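Student: Provided herewith is a single structure, encoded as structure tokens, for subsequent inquiry.
The values are calculated or read from the model by the stated rules, or taken from the named source; none is laboratory data. All of these numbers come straight from a predicted model, not from anything done at the bench. Don't worry about glycine lacking a Cβ; one is built from the backbone with ideal geometry, like all the others, and counts go over all protein chains shown.
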Amino acid sequence: MRAAFVRGLSAAARQDPRVMLLTSDLGFKIFDEFAGEFPGRFLNVGVAESNMIGVAAGLALDGMRPFAYSIAPFATLRCLEQIRNDVCYHQAAVTIVGVGGGYSYGPNGPTHHSLEDIAVMRALPNMTVLCPGDPVEVEQAVGAAAAHGLPVYLRIGRAGDPVVHRGSVRFEIGRALTVRDGRDCTLVSTGNILPLAVETSDRLRANSIACRVLSMHTVKPLDEAALRACAEETRALFTIEEHSRIGGLGSAIAEWSAMNRVPGPLCLFGAEDRFASTTGSQAYLRGLNGLTVERVSESIAAKLAGAVSC
Amino acid sequence: MAHAGRTPHVGSALSCVDLLVALYFSVLRVDPSKPNDPDRDRLLLSKGHGCMAQYGALAERGFFPESALDEYARDGGRLAEHPGPHCVPGIEAATGSLGHGLPMGAGMALAAKLRGASYRVFVVLSDGECYEGSVWEAALFAPVQHLDGLTAIVDYNGWSAMSRTHLAMDPFAEKWRAFGWSVREVDGHDVSAVASVLAAVPFEPGRPSAIIARTLKGKGVSFMENDLEWHYRPPNDDDLRRALLEISG
């Protein structure tokens, strides 16, 4: 997703001379081409996230469209008040880019995991939260964020995230993408766990369960129309995210569901409310949280059969 | 304002009011009839709690009618105890949480450079604010980017909200110099001295400028000077009468 981000950013920068990139000293070598093509529009501000966000806000207030890049927990939590006051309060056209959503930086340990960022970012007024599901979505999300003109949090994976969409997609902020169709249930996914959601759907299909998959790449604002259709047309909603079950996509949909008297069950798949106590790869850490194709598809099948409640 | 709104921070406002008078009446290239002119100089009061002084100076300079000051700390009013973004003409940025103004000001100065604009950016900080790490992140950043359109003015009254600041801050000018700023010190209550020092920025081409303004918290009202009580206490009827008597002489 990192490479797709840089491709998308270069395309946006070619179109709009206001687009520029700030990094707080992360992204070794990956921005070399961008820096070469757009002199003066790439800036390593040093290991100083708070300053990076304040500077980005000042740049945006005076006509630029900065992207501020770091590893997700550093880009969001270290400088949260700057994001809230300098960016969101001023409605400044800053895109905060968090690389390494969820367990993407698995072996780096919990300091580098990002399992609360969606919750925290979506609580901020004026903030749009984008978690594209694959590199194709990432590339387009960058352009959408650059054109948005308001605060955006763009959460991406790291490297090696599989491509889900064949060809291009029509990426619009606030409009979910249907990746698989089906009438038995809906699996709503956000962010870099989309490939797992698709594989789960494929496995369920082998068991004659037709599972619709939505890529809810925009967690805020939610695509309520798409959710409403899924709730009416399929028997159950499941959400999946590489993020805490507290405050993320599942929470957002549960809030919407409760407030709108949406019929049918809703079940959440996501990370447990705890720090990883052992080290491991992204796949390993997903597994500790039940986020595997096998476990999720078994769980969905059992819940649809009425054997287990949510 | 503090009396009518029953708000604190009178001492903080009196500490920086002479700096703001010098800025708004002698230094800043601003036109109150064109508050959004892209080429206007920007002033950020990073010590947002001193904003009574800024609201007053802006009204006096003609950015908005003096009657708007009645909205201060009133239900439904535009003037909060810490200014909101463009809450009234002349307010460039929301401040209130300390340590935000200098990074934002650095961003604005960088935008001017990138876009070939001629405006300058002035940020007024408090010395207590300089406990915030983000001030020093920006202090490291601005010289590297050669932001000579950026000037930091520290209202150095020697007080934070509970203590004296000298032990932490001194030697203060040396700290800024060591970070790569070009530094001058001035009596922060000598309006003409402040104006003439500010007229000389940038002190060195390619470097941001820092001015350490020696000030007195509560300046101008004898019973408020150097007394932390007035960081907190709204003036009552009698306080107001005595203060006005002293100020108007």
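Student: With in contact (Cβ under 8 Å) with a residue 40 or more places away in the chain and in contact with a Gly (Cβ under 6 Å, 6 or more places away or on another chain) as the only criterion, which of A:Ala68, A:Ala72 stands out? If you could, list the steps in order and put the result at the bottom.
Tutor: Values: A:Ala68 fails: in contact with a Gly (Cβ under 6 Å, 6 or more places away or on another chain).
Going through A:Ala68, A:Ala72 in turn, just one is in contact (Cβ under 8 Å) with a residue 40 or more places away in the chain and in contact with a Gly (Cβ under 6 Å, 6 or more places away or on another chain): A:Ala72.
Student: Picking from B:Ala213, B:Ala138, which residue would you name as being within 15 Å of B:Ser15 (Cβ to Cβ), crowded, with 21+ Cβ neighbours inside 10 Å and either at pLDDT 95 or above or polar (S, T, N, Q) (or both)? Quick ask: steps written out before the conclusion?
Tutor: Working: B:Ala138 fails: within 15 Å of B:Ser15 (Cβ to Cβ).
Answer to the check: B:Ala213.
Student: Something else about it: Of all residues in the range A:18-70, how many are crowded, with 24+ Cβ neighbours inside 10 Å, at the interface with chain B (Cβ under 8 Å from one of its Cβ atoms) and among the small types (Gly, Ala, Ser)?
Tutor: The qualifying residues number 6.
Student: Pairs please, first residue from the range B:226-249 and more than 18 Å from B:Pro8 (Cβ to Cβ), second anywhere and buried (at least 17 other Cβ atoms within 10 Å of the Cβ) and of a type in the set (A, V, I, L, M), Cβ atoms under 6 Å, 6+ apart in sequence or on different chains.
Tutor: From residues that are more than 18 Å from B:Pro8 (Cβ to Cβ), the pairs are B:Glu246/B:Val221.
Here's the yes/no breakdown for (1) charged (D, E, K, R); (2) in contact (Cβ under 8 Å) with a residue 40 or more places away in the chain; (3) farther than 18 Å from B:Leu216 by Cβ:
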residue: B:Asp127; (1), (2), (3): yes, yes, no
residue: B:Val154; (1), (2), (3): no, yes, no
residue: B:Asn157; (1), (2), (3): no, yes, no
residue: B:Ser163; (1), (2), (3): no, no, no
residue: B:Lys175; (1), (2), (3): yes, no, yes
residue: B:Gly188; (1), (2), (3): no, yes, no
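Student: Hey, another quick one. Tell me which residues, restricted to the range B:25-50, are in a helix (DSSP H, G or I) and either touching a Leu at 6+ places or on another chain (Cβ under 6 Å) or closer than 13 Å to B:Ile153 by Cβ (or both).
Tutor: Just the residues of the range B:25-50 that are in a helix (DSSP H, G or I), to begin with: B:25-27, B:48-50.
Selection gives B:Val27, B:Gly50.
Student: Now a separate question. Just for helices (runs of 4 or more DSSP H) wholly inside the range B:114-212: which have at least 2 residues that are away from chain A (no Cβ under 14 Å)? Walk me through it before giving the result.
Tutor: Details: elements: B:133-144, B:166-169, B:172-178, B:191-199.
Here the list reads B:166-169, B:172-178, B:191-199.
Student: Please give the number of the condition B:Val123 fails out of (1) without any contact (Cβ under 8 Å) to a residue 60 or more places away in the chain; (2) crowded, with 24+ Cβ neighbours inside 10 Å; (3) of a type outside the set (Phe, Trp, Tyr).
Tutor: The number of the failed condition is (1).
Student: Criterion first (crowded, with 20+ Cβ neighbours inside 10 Å, of a type outside the set (Lys, Arg) and farther than 27 Å from A:Tyr153 by Cα) does A:Cys211 satisfy it?
Tutor: Values: crowded, with 20+ Cβ neighbours inside 10 Å: yes; of a type outside the set (Lys, Arg): yes; farther than 27 Å from A:Tyr153 by Cα: yes.
Taking the combined requirement at face value, the residue satisfies it.
Student: Looking only at residues in the range B:173-194 that are closer than 20 Å to B:Cys16 by Cβ and in contact with an Asp or Glu (Cβ under 7 Å, 6 or more places away or on another chain), which one is surrounded by the most Cβ atoms within 10 Å (Cβ to Cβ)?
Tutor: B:Gly188
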